[in-house]
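The values are calculated or read from the model by the stated rules, or taken from the named source; none is laboratory data. Just so you know, these numbers come straight off a predicted model, no measurement behind them. Here the Cβ is made from the backbone with ideal geometry for all residues, glycine too, and neighbour counts use every protein chain on show. Note: areas computed on protein heavy atoms with side chains; ligands, DNA, RNA excluded. Shrake-Rupley method; radii C 1.70, N 1.55, O 1.52, S 1.80 Å.
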Amino acid sequence: MNTRVSLYLDLLRFSAAMMVMFYHVALSRISGGVWQWYRDSHIGSDVVILFFILSGYVIAYVVDAKKENKTDYMVNRLSRLYSVIVPALLLTMVVDTIGIYLSPDFYIPWINSYAIYDNVTSFFANLFFVNQIWTFHIRPSTNGPFWSLSYEFWYYMLFFAVCYFTGKKRVLLALLILLIMGPKLWVLAPTWWLGVWTYRKSQTINHSQVIGWLLFLSPIAIYTAIKYFGIDADLLIWTKEVLGKETVSTWLRYSDEFIISFVYAVLVSMHFLGLVTVAKKHLFWLERFKKPIRFWAGLTFSLYLFHSPLMNFFASVLPGDITSVWRHLAIVVCIMLVTVALGSLTEKHKYKVRNLFRWIWQQLSTRKTQVQTT
């Protein structure tokens, strides 16, 4: 992958994680409604589609460039997920427990669901990525962003089935995974797979700089127009009228904006395809900031999964007027400081998680071989 393309994607994904954090800080219970205009943009859910496209794109690249076999694929995906997911779940439990003790009134929305049984159930449901399958909606207390991890994991598994098996095994394994996933994950799966297609297309695409810039910039203009005219909001209203609010809430939930999500996915795909051409002769400035971009990009996953419980905790204990911009800034700074401290720690020990999963995978493979031999 071209260095400037890689740096741009890194910068984009970290910026996207920051936008999600700001979107949640803009909640009225956190900042008193001062940033309601940002909440009204619904940009938080839009960014998740960007993450799905990025995920499919990067997975396709890694598998292609590093020639990952079955073991490498599974070990690398699981170690990447669990190196951050386990610390994030533990952080959520610890921070929420302290927050409830120090500021119970602030945590009223979650206190009733913080019984030991519910807490343990939530922990393992999210740990094993069944928190959003079918009609399940199990969030780990204040950590709302965890919903997308269920989608991500099962898309990884579907890719594994489709790309590493053939014939009947491929069909049966893919069908089993689809059966586990349920409608919510089905309807957004094409956005993730479009990321895979976009990477493969980017390897053979050959167009002029003019077309490249058109593909690169036009999605931004189209997205702005969609927001300005409220097309996304109108489509959501139409979806609820046609399918019924109860059906949408029960069976789709976070996938309720699937129609506009497909549009956004196409726009992101266009942007990436344009990027490949534009980066050949432009965007040199990215290389000047290579180190900071790589550093902050490496904290993207941690920021995404750490920020919500940290946000609620700091919002509950920091003094000052809830509408104070300085207080909002203090919340963001505190989130970033903890994320850098914990995120850097988890990144340093990621290889240990990888080695653990490789050992487990090898043990399972050895037992399978022994059973087949006997």
For the condition open to solvent by 30 Å² or more (accessible area, probe 1.4 Å) and either touching a Lys or Arg at 6+ places or on another chain (Cβ under 7 Å) or at pLDDT 95 or above (or both), what is the one hit in Leu50, Leu12? Leu12
Condition test on Ala315, is it buried (at least 21 other Cβ atoms within 10 Å of the Cβ), modelled with pLDDT under 95 and in a helix (DSSP H, G or I)? no
It is to be established whether one or more residues within segment 172-179 are closer than 28 Å to Met21 by Cβ, open to solvent by less than 30 Å² (accessible area, probe 1.4 Å) and not acidic (Asp, Glu). no
Tell me whether segment 30-40 contains one or more residues that are outside any loop (DSSP other than H, G, I, E, B), in contact (Cβ under 8 Å) with a residue 60 or more places away in the chain and either farther than 21 Å from Phe146 by Cβ or of a type outside the set (Lys, Arg) (or both). yes
Determine which single condition Gly33 fails, assuming it passes every other condition in (1) at negative phi; (2) modelled with pLDDT of 90 or more; (3) surrounded by fewer than 22 Cβ atoms within 10 Å (Cβ to Cβ). (1)
Looking for something open to solvent by 20 Å² or more (accessible area, probe 1.4 Å), out of contact with any strand residue (DSSP E or B) (no Cβ under 8 Å at 6 or more places or on another chain), in contact (Cβ under 8 Å) with a residue 24 or more places away in the chain and at positive phi - is there at least one such residue anywhere in segment 331-343? no
So, Val58, is that one within 15 Å of the chain's Cα centre (by Cα) and assigned to a helix (DSSP H, G or I) or not? yes
Take Glu287 and tell me if it is over 26 Å from Trp110 (Cα atoms), open to solvent by 20 Å² or more (accessible area, probe 1.4 Å), more than 20 Å from the chain's Cα centre (by Cα) and among the acidic types (Asp, Glu). yes
Which of the residues spanning segment 290-310 are surrounded by fewer than 21 Cβ atoms within 10 Å (Cβ to Cβ) and in contact (Cβ under 8 Å) with a residue 12 or more places away in the chain? Lys290, Ile293, Arg294, Ala297, Gly298
Taking the criterion of being at pLDDT 95 or above and among the aliphatic types (A, V, I, L, M), would at least one residue in segment 110-126 satisfy it? no
Could you check how many residues of segment 239-268 are assigned to a helix (DSSP H, G or I) and in contact (Cβ under 8 Å) with a residue 12 or more places away in the chain? 19
Can you find a residue that is surrounded by 12 or more Cβ atoms within 10 Å (Cβ to Cβ) and free of Cβ contacts under 8 Å to residues at least 24 places away in the same chain anywhere in segment 184-201? yes
